[in-house]
Structure formats: C-alpha cells, structure tokens
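Beneath this line is the structure, given in structure tokens, with notes to follow.
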Amino acid sequence: DILIVDCGIGFPEAREMGVDFVIPDIDYLKDKTDKIRAILLSHGHEDHITALPYHYDALGKPPLYTSKLTGAFIQNKFKEFNKTPNVQIVEYGKQYQFGGFRTQFINITHSIPDAMHILINTPVGNFYHGPDYKFDLTPPYGKGPDFYAITKAGHDGVLCLLSDSLGAEREGLTLSEAIVGKTFEDEMRTCKGKFIMTTFSSNISRINQCVEAAIKFNRKIVFLGRSMKENTDLAKDIGYLRIPQNLIGRDNEVMKSPPNRICLIVAGSQGQYMSALSKLASDMNKNIKIKYGDKVIFSSDPIPGNENEVYGLIEELAMKGADVVYSDINDQLHASGHGSQEDLKFLMRFTNPRYMIPIGGTIRHQRQYQKLAMDLGYESKNILTLKEGETVIFEGTEVRLGEVVDTKQVYVDAYGVGDVGNVVLRDRLTLAEEGMVVAVITIDKQGRLANRPKVITRGFVFEKTESVLLESAVKSVEKSFNAKGESIADLSGLKKKVATQMEQFFYEETG
Ligand SMILES: [Zn+2]
C-alpha cells in the first residue's frame, strides 16, 4: 500500500529564469497507482497542496483527506483546471484505515488555520508525520495544539518522528500569531490615511487579524487582487472569516470615503509583477490611489530571491507618500509559522520517538535539527538526514537506507508543464548575463560572400556607441571567409566556423 502526504510546489531559484514554480517528479509512482490508497494534505499552503491538480489524474485520482479550510483551497485550485477532486474532510480523533495504514489526524498550529499532523500506524510501528508547525498557545483562529493527542502518540510509542526543521537555527520559542494582531491595532490607531495590509493570500489567520483590527477602528474592508478575493470568499463561505455587512467595502467607493475609514487587504506581498499591490504602487489601479498619510504594512517577509522586487515596491510606495512598515523596521509584523528550537524539542520530547527524520528544510536545517536531538541525548545515527530521492526502509526495529529514486525538477512556466528543460534555462541565463550577437551572412552558390555581413547585438554593447567595434567584427568575419568560396555542402560547419571566429574576436576585444 502507498500513502502520500502533501503535494506542493517549490519556488525557483533566481537562476531558473522564467520558471514560475517547480512541481514534484512523480515518475516513481506512475506504475504503482493501483497501490495508492489516499493523499493526505497537512495544511493549505502552496508548498503543500498546489501541485495536486497537475498530478491528480496521473496518480489515479486517489481520494484526498484533509481539513475543512485546506479542502476548500484544494477545490478552488482544481476549479481552474475544470476538475473535481474527491475531497474528504476529516474529523480529529477519528481513525481512518488506508490499506495497511491506520491513520489519525492531530490538530496543530501554524500560520494558517486547520493545520494538521498525522499519526500513521503501520504493521512495523507508528510514524508521527509533523510538517509545518509551531506551538501557538494563543492562535488567532481555532483551537491550540492538541497536546493530549500528541503526548498520547508518544505514550503509545512512536517509531519515527518526521518533523518540520525550517526553524531549527532559531533559538527559543516562536512568537504566537497573536502578537501580530496587537501590532495591527497599534499601527492602525496612528494611521490617519488608508490602512493597507499585504500578506500571502492563503494566510487566512493574518487576514482575520487585520479584519478584526479594522472592525475595532470602524474601517471598511476592501480586498484587492484575484487570489485575495478568491481565498477570502472561500474563508467567508465556510465561516472562517466574519465581516459585518456594513464594513464590507467596494473598490469604487474607497476614494469617496474618508481615508481613515478604509482598510485595504491586498495581494502581492512578494512584489509580483502586475499584482494588486504593484498596480497600486505604480498608479495603475483606476479606482484607488495612494496618498500622503496612507500606511502600507508588509506582513510577510520576502521569500529568498524576491528581495529586489519587494524592496523596489517599498521604494515606489514611499515615493507616492505612503508610510511603509516592513519587518526591517518593525519585527512584530510577522511571526514565523515555523517552530524554533524549543518548539522542535517539545515535539521530540512529547512523541519520544526511536528515530527522527527532519523534513521541510534544506540540508543545513536538517543538520541543525540533528544537533538539537543530540542535545536531548539522541545518537546522531538515529536522526536520518535525507537528500532528495533517498528512501528509508524500516524492518522490525531496524532501519536502513533503500534505493535512491531518481528525481528531476519539473518546471512550470507560463507555457505549461515540463516544456522548459535545463538547456532552455542555461540559454536564458547566458542571454541575461552576457547578451547575444547575431551575424547575418548571405552567400552565393559558390560559397562566397554575396554582400557585407551584418552583425547585430542585443544586451551586449550599445550599437550606436560601439559602431567601431561592430565594424571590426564585420571585417573579422569577412577576413575569415575564403575569397574563392567556402564549401556550401557543409553549412553547419560553416556556421560553426563563423561563430568561433566571432567568439574569438569579441573575447579579445571585450574580455
Ligand atoms: Zn506551511
């Protein structure tokens, strides 16, 4: 039997140009779909659910088991693909049987409501699967972590704990989400203009906190951006977001109302091109303008790689007269959703596992997690740090590494899935870093130059000021041609010869 947990997207590195996101490689599973019993989804973040619609059919359309909010997000993702998935909303505390796996879902806290941990009983032992979490005792929405279920799992015996490790470098306990609600109130109290908050549109608890502050200060709430509107509509539908009717505002009434009666909650916190916030900043929203005295709050940190876009946006907003508040100047705007060292150690103590596998981080987070476990008296060999594609086999009380499954990056860009390969990415990188030079050459039937070659450049040197250089380039191409004519039987050889000549020329001239 096969049980899958989560199916999200990854974000490309800066050098993977034009790639929107990366989805998991499921080749290994393709001939085993008859064994897949279910996919369990731990919470509604992009990196845990968003690849589902891409892979659902190829995985044999297994049932999806998850919590209410996550289920609503998943349904919405599939709508864009005109597909209807089989989503089952789970009950906490109830047991679910998936082939040989008996499974129980545990309520946990993260930066999104309805996050879950999953306890999986197998014939070989119990596995505690603990993706993204922190122990938030005062979550702004929903119940606190289910300490009883967690410690009971530990009491019954956990063979292996798989734990989030992203916060393993940070000391102490992670702050509660509640701290952000207080910050919103403080910032709103001193704001005389429009109050504008931006965060990830899936961050329903953060949005809820801003809504609550707006209600307190009697500001009308307007959501901007497609993803923000969609997600908040979903959250309203299932009762996760409650806004009094008289405080629901519309885009076109914003500028007619007193600015200190307005709260905008806007998508585009990562500085995405043409997002609602970047349109506001560049005056492209026809209904709403940024004015002096408005306050813009960034309640999310830039994802590594997005810093330039985010800071560019902050500059633009400041230029329009807005007071911009972001985490560099106020560190209580954004509490991490991931547990710090003490949170992680709590879960180790509570579940008291024989083995641990740090997940959700890179190799340096895994190493750091390993050290934390060793502080608690574990031997390093019991903390398994895995690289992509590595498998682990549990047999009796023994554990060993299994075969390494070959996995590759599957890129999704504006044109579809998997169209972009490594060659395309390398070309994009070369074009971006070095520009390009094209030689246009016309030859006659005897293989002689029919007229003067043309050399065109883009992103390399400015042609007008470098006409001398380009003229020499033309001459060097001419010189490389045999006056009596080149063999035209081998055109690709001829092309290569010209290319090599130009490469040499430009290397010598420009370095
Ligand atoms: Zn998450």
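The values are calculated or read from the model by the stated rules, or taken from the named source; none is laboratory data. In this text the structure is predicted, and so the values were computed from the model without any measurement. All Cβ positions, glycine included, derive from the backbone under ideal geometry; neighbour counts span all protein chains shown. Remember, those area values only see protein heavy atoms, side chains included, never the ligands or the DNA or RNA. Shrake-Rupley method; radii C 1.70, N 1.55, O 1.52, S 1.80 Å.
Structure notes:
- Meets criteria (out of contact with any His (no Cβ under 6 Å at 6 or more places or on another chain) and loosely packed, with under 14 Cβ neighbours inside 10 Å) for residue 208: no
- Residues of region 487-503 classified as part of a helix (DSSP H, G or I), touching a residue at least 12 places away in the same chain (Cβ under 8 Å) and polar (S, T, N, Q), total: 1
- Set side by side, the residues 231, 218 differ, and just one is in contact (Cβ under 8 Å) with a residue 12 or more places away in the chain and within 26 Å of residue 78 (Cβ to Cβ), which is 231.
- The selection criterion, being surrounded by fewer than 15 Cβ atoms within 10 Å (Cβ to Cβ), more than 22 Å from residue 236 (Cα to Cα) and without any contact (Cβ under 8 Å) to a residue 60 or more places away in the chain, holds for residue 156.
- Pairing each residue of region 30-46 that is more than 12 Å from residue 2 (Cα to Cα) and free of Cβ contacts under 8 Å to residues at least 60 places away in the same chain with any residue that is within 8 Å of the ligand (Cβ to nearest atom) and assigned to a loop (DSSP other than H, G, I, E, B), provided the two are 6+ apart or on different chains, yields no C-beta distance under 8 Å.
- Enumeration of residues in region 274-286 that are within 20 Å of residue 230 (Cα to Cα) and in contact (Cβ under 8 Å) with a residue 12 or more places away in the chain: 275, 276, 277, 278, 280, 285
- Some residue of region 236-255 being crowded, with 16+ Cβ neighbours inside 10 Å, in contact (Cβ under 8 Å) with a residue 24 or more places away in the chain, farther than 24 Å from residue 190 by Cβ and of a type outside the set (Val, Ile, Thr): yes
- Residues satisfying the stated conditions in region 122-162, i.e. away from the ligand (no atom under 16 Å from the Cβ) and in contact with a His (Cβ under 8 Å, 6 or more places away or on another chain): 128, 150
- Close pairs (8 angstrom Cβ cut-off, 6 or more residues apart or separate chains): more than 19 Å from residue 208 (Cα to Cα) in region 325-339, more than 16 Å from the ligand (Cβ to nearest atom) and polar (S, T, N, Q) anywhere: 330/183
- When the criteria are applied in full, residue 118 fails the requirement of being within 30 Å of the chain's Cα centre (by Cα), hydrophobic (A, V, I, L, M, F, W, C), within 16 Å of the ligand (Cβ to nearest atom) and closer than 18 Å to residue 72 by Cα.
- Of all residues in region 116-127, none satisfies being among the hydroxyl-bearing types (Ser, Thr, Tyr) and either open to solvent by less than 10 Å² (accessible area, probe 1.4 Å) or modelled with pLDDT under 95 (or both).
- Scope region 257-294; condition of a type in the set (A, V, I, L, M, F, W, C) and over 19 Å from residue 318 (Cβ atoms); matching residues: 262, 263, 265, 267, 274
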